[in-house]
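Q: Below: one structure in structure tokens.
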Amino acid sequence: MRRFLTLVSLFCLAIPAGISISGCTRNPGENYCNGLGFGPKITDPVSILLLPQTSGVSLAFGQTKQMINPSAKTCQGASASTGTYTWGTTNNRLVDISTGGNVCAGTWNRNSGGGIPDFTICSAPSPLPVSKEGLPYGSAYVTASASSVSSNPVIIEVHPAVTSISLVGPSQCLSQGQIAQLDAQACFAGSNSQQQLLCAPSGTTPACPLPPSVSSVPSCSVALGTLSYSIDNAGIGLLNNETDQITAQLPGTTAINASVSNSGSSAGYFSTCPPASITVTLANGAKTGTVAQGVQQNLVTTVTDTNGNLITGLPLTYQSTDPVDINAGSGGGITTNFPGVASIFATCQPPSCNPTPINQTGLYGTGFALTSNPVTVTTPGTASDYVWFGAPGQSQYVVPVELLSGTIGSTVRLPYVPNSMVSSLGGSNLYLGSARGMMTYTTSSNSVSAPNTNVPGVVLAVSPSNTQVLINDQIRQIFYIASTGNSSAPTFSGLGAAAAWTPDSGTLYITDSAQLGGNHTDTLYVYSQNTGWSTYKLPSSAGSLGAQSLAITVPSVGAYLGGSPTVAHTWCPSGTVGNFVNMLYYPQGDSVNAQTDVLAATTDGNHILGAAFIGGGITLSDIGVTIPTTPCSSTTTGSVETLNALNIAHNLNQAQLSGINATAVNQIIASPASNLAFITYTAPSTNTNAVLPYYKPVAGNTGTLGAVGYLTMTGSSAISAPIAGAFTPDDTLFFVSTAGDNLIHYINVQTLKDTQQIAPNLPACTPLSSGGNDPGCTYTGTGTIVPTTAIAVEPRSTT
């Protein structure tokens, strides 16, 4: 019985205890990482990550860096709370670390006294580390610990201060898509502060001498740790920061920057190979063709680089010699708006294509421009036109004419007597200069804006984009490149007689002539969006100076300039690669033993036509040219690379115009189809029966003189001279103004007949000497009507 009672008592005591334990938890191990009820709990830190984990930290002697706060994780990957970290180092004489994780490449001050806090002064290691090569660099590791858990070690590379880093990469340009491995070498200030080599890849030509008693140096990844690279122009090379590999993208040269020890420098340059040829054709592979009005056709463009590999995605600029009628879009799509004839070509021109830092112009051929062959497009048909007539210096009026109805509009009075009149490419605006400011005439509304007094002077040219106007203040001797929005303009000192923009509006050529007297000189000015302003001395402008004393080549690799001799300046610079201060950006590329006063380029690119007043008569010059479509070249002698000018080959044929009683030649005007040109001139007022000379160049560049002829105009007995002219863009009519009868004659281009005459009746202005009030009036005649000396034509739709 006693045993039974004892058993019952134990049973009763055991039941509550068992119930209590099972009521608290059913799994006593779930708060632990191993699930067994012992060891680290799921809220405890089990790992600490210290960054940078793979690249480490590079520090120069005495340099400091605050370590990134460590991150602790639980066994389940969640963030863990650790409290204060304890920092450690494997060599506190080389790499010291403060209680807050601030690393010192050397040793921190402790117990300095004098109120100086601990860990505020970092002293270089003493003694300095010595590597196996005998160089002053070494490394140690730092860790962070908390809650009995240590982080991964992070290597700290300690070395002298790097004075320069030089890129050791590709020694030539890379074709698009090719990959190169970047590396570098570094120098430091050694004994006696002399530059000495610290590290370099094996087999590299040293950028500075090796230290004494050192026969080899390690790679920079050993001496310095991980270098960081960056690229200035990611469009040229795509940089992989994990592998330090660079992939060639688009042609050009860009700076590569390298940084280490919290300091960076320009380490070197990387180049993607430039284009060597650009070939443009129509869709059928032809370089000449007909495209109907309103029909769009895409050009086929093929680009190869200097290694012979294809380039895709090149940002080419497509240019048309007549973009109003036949335009070429950015992708090479041809849009035919009106009947006409145009040459279209593609250019790769810095800085938008094949760019380079200016001090590296010419490196592997980068920084150079290149053009394609021209493609000639004809859009058949005829179009009506608006025409405006003026007489700068002689009349204060402009007269419009609408050809569809043949109506002569009312004369439009300008605020001042203009000294010049230049039309925008599409004829939407006329820009008229005066000593008081530039006047803008809007053709669609026949209205004149208030003069822009910020830019007084002579209007010499309007950009094809109709966004900029070149004005020359010949009193203050200043050029203005003004926006067409009438804002103020940047200036450049000089005087000019004639100017022209390239079709892409990227380069502006200005020529001056000493024949104008005063402070005028025989000088060429070139303004480029890439290189800014340049000036060049020109040969003597021996003859009279007309309105067109320069002609842009087709394609636009340069310009021919009137004078004696006639010269061309082209876009390939000359000089030494790297010596950009003394580089000539538009050097002379041709010299023709001919005097020309006026010039014109045919749109087919085969002829530069000139005329000059020589010995009382007019001499015609047909300069047959072969415009290069090859890259700019260079010559290497030893370690010096010399850039060569782009030379244009030419042949010359000349003819003396007979029966012309002239005192000066005014213009030579080439037709849109390149098969006809007219010459206008000035003659004594007593002259009669004046004729209009014309020239028919031979197609292509055969070196053969074409046919010279003379057109008799209606009422020739009253005509003293044909003084100004312009073709319609559809190449059907030629408008010529004549002195003596003060009329405009309509010349049929096909039949070479004078088919119609109109009288603009431009009122003569009154000079100050005769009681006038505008000092811009230079009229010295006695009549009340003056002949037209400026003609602007704009095509218009007939529907």
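Q: Considering each residue of the stretch 240-250, count those that are without any contact (Cβ under 8 Å) to a residue 12 or more places away in the chain and in a strand (DSSP E or B), and give that number.
A: Residues that pass the stated criteria total 1.
Q: Out of the residues in the stretch 574-609 that are assigned to a loop (DSSP other than H, G, I, E, B) and touching a helix residue (DSSP H, G or I) at 6+ places or on another chain (Cβ under 8 Å), which is modelled with the lowest pLDDT?
A: Per the criteria, the residue is Gly578.
Q: Quick check on this structure: which one of Thr602, Thr635, Thr630 is touching a strand residue (DSSP E or B) at 6+ places or on another chain (Cβ under 7 Å) and touching a residue at least 60 places away in the same chain (Cβ under 8 Å)?
A: Sole residue among the options that is touching a strand residue (DSSP E or B) at 6+ places or on another chain (Cβ under 7 Å) and touching a residue at least 60 places away in the same chain (Cβ under 8 Å): Thr602.
Q: Moving on to the next point. Is it true that Val708 is within 27 Å of Ser434 (Cβ to Cβ), touching a residue at least 24 places away in the same chain (Cβ under 8 Å) and not in a loop (DSSP other than H, G, I, E, B)?
A: No.
Q: If you check Ser193, Ser123, which single one turns out to be of a type outside the set (A, V, I, L, M, F, W, C) and in the same structural domain as Ala255 (by TED's automatic domain parsing)?
A: Every option except Ser193 fails the conditions.
Q: Here's a check for you: in the stretch 778-799, which residue that is of a type outside the set (Ser, Thr, Tyr) and touching a Phe, Trp or Tyr at 6+ places or on another chain (Cβ under 9 Å) is farthest from Thr443 (Cα to Cα)? Please lay out each step first, then the result.
A: Restricting attention to the stretch 778-799, the residues satisfying the condition of being of a type outside the set (Ser, Thr, Tyr) are 781, 783, 785-787, 790-796.
Subset that is touching a Phe, Trp or Tyr at 6+ places or on another chain (Cβ under 9 Å): 786, 790-796.
Numbers: Val786: 22, Ala790: 15, Ile791: 13, Ala792: 10, Val793: 11, Glu794: 10, Pro795: 12, Arg796: 12 Å.
That would be Val786.
Q: Here is a further query. Looking only at the stretch 202-249, which residues are of a type in the set (Asp, Glu) and either surrounded by 19 or more Cβ atoms within 10 Å (Cβ to Cβ) or closer than 16 Å to Phe270 by Cα (or both)?
A: Asp232, Asp244
Q: Does Pro672 satisfy the criteria of being modelled with pLDDT of 95 or more, of a type outside the set (Ser, Thr, Tyr) and surrounded by 23 or more Cβ atoms within 10 Å (Cβ to Cβ)? Steps first, please.
A: Values: modelled with pLDDT of 95 or more: no; of a type outside the set (Ser, Thr, Tyr): yes; surrounded by 23 or more Cβ atoms within 10 Å (Cβ to Cβ): yes.
Here the answer is no, as Pro672 does not meet what is asked.
Q: Also: Working only within the stretch 677-705, note down all residues that are within 20 Å of Asn661 (Cβ to Cβ) and assigned to a strand (DSSP E or B).
A: Phe678, Ile679, Thr680, Tyr681, Thr682, Val691, Leu692, Pro693, Tyr694, Tyr695
Q: Also, quick follow-up: Being modelled with pLDDT under 90 and either in contact with an Asp or Glu (Cβ under 7 Å, 6 or more places away or on another chain) or under 20 Å from Gly393 (Cα atoms) (or both) is the filter here, so list the residues in the stretch 425-441 that pass it.
A: Selection gives Gly426, Gly427.
Q: Given the structure, is Asn689 closer than 26 Å to Thr566 by Cβ, outside the structural domain of Thr371 (by TED's automatic domain parsing) and among the polar types (S, T, N, Q)?
A: No, not satisfied.
Q: From (1) over 45 Å from the mean Cα position of the chain (by Cα); (2) of a type in the set (Gly, Ala, Ser); (3) closer than 22 Å to Tyr441 by Cα, pick out the condition that doesn't hold for Gly772.
A: Every listed condition holds for Gly772 apart from (3).
Q: Residues to consider are Gly190, Gly169, Gly235, Gly203; find the one that is in contact with a Leu (Cβ under 7 Å, 6 or more places away or on another chain), over 30 Å from Gly88 (Cβ atoms) and without any contact (Cβ under 8 Å) to a residue 60 or more places away in the chain.
A: Gly235
Q: Go through (1) assigned to a strand (DSSP E or B); (2) over 30 Å from Gly638 (Cα atoms); (3) not small (Gly, Ala, Ser) and name the single condition His569 misses.
A: (2)
Q: So, one more: Any residue in the stretch 63-76 that's free of Cβ contacts under 8 Å to residues at least 60 places away in the same chain: show its pairings with residues that are acidic (Asp, Glu) and surrounded by fewer than 18 Cβ atoms within 10 Å (Cβ to Cβ) at Cβ separation under 8 Å, as long as the two are six or more apart or on different chains.
A: Pairs found: none.
Q: Filtering the stretch 251-267 down to residues that are touching a strand residue (DSSP E or B) at 6+ places or on another chain (Cβ under 6 Å) and outside any strand (DSSP E or B), which residue is modelled with the lowest pLDDT?
A: Applying the filter and picking the extreme gives Ser261.
Q: Name the one entry in Asp731, Asp774 that is in a loop (DSSP other than H, G, I, E, B), closer than 26 Å to Pro415 by Cα and out of contact with any Asp or Glu (no Cβ under 6 Å at 6 or more places or on another chain).
A: Asp774
Q: Let me ask something else about it. For Gly362, work out the one condition from (1) on the phi < 0 side of the Ramachandran plot; (2) buried (at least 24 other Cβ atoms within 10 Å of the Cβ) it doesn't fulfil.
A: (1)
Q: Determine which single condition Tyr32 fails, assuming it passes every other condition in (1) in the same structural domain as Phe119 (by TED's automatic domain parsing); (2) touching a Gly at 6+ places or on another chain (Cβ under 8 Å); (3) farther than 24 Å from Val260 by Cβ.
A: The failed condition is (1).
Q: Within the group Thr25, Thr54, which residue is under 30 Å from Ala186 (Cα atoms) and at pLDDT below 90?
A: Thr54
Q: Specify which of the listed residues (Ala140, Ala124, Ala78, Ala146) is in contact with a strand residue (DSSP E or B) (Cβ under 6 Å, 6 or more places away or on another chain) and of a type outside the set (D, E, K, R).
A: The match here is Ala140.
Q: In addition: Tyr560 fails exactly one of the following numbered conditions: (1) outside any strand (DSSP E or B); (2) among the hydroxyl-bearing types (Ser, Thr, Tyr); (3) in contact (Cβ under 8 Å) with a residue 60 or more places away in the chain. What is the number of that condition?
A: For Tyr560, the failing item is (1).
Q: Find the strands (runs of 3 or more DSSP E) located wholly in the stretch 164-214 whose residues include 3 or more that are over 30 Å from Val303 (Cβ atoms), at pLDDT 90 or above and of a type outside the set (A, V, I, L, M), and list them.
A: Counting at least 3 such residues, we get 183-189, 195-199.
Q: Looking only at the stretch 743-760, filter to residues that are polar (S, T, N, Q) and more than 46 Å from the chain's Cα centre (by Cα); which one of those is nearest to Asn675 (Cα to Cα)?
A: Of everything passing the filter in the stretch 743-760, Thr755 is nearest to Asn675 (Cα to Cα).
The values are calculated or read from the model by the stated rules, or taken from the named source; none is laboratory data. Not measured: the values here are computed from a predicted model. Don't worry about glycine lacking a Cβ; one is built from the backbone with ideal geometry, like all the others, and counts go over all protein chains shown.
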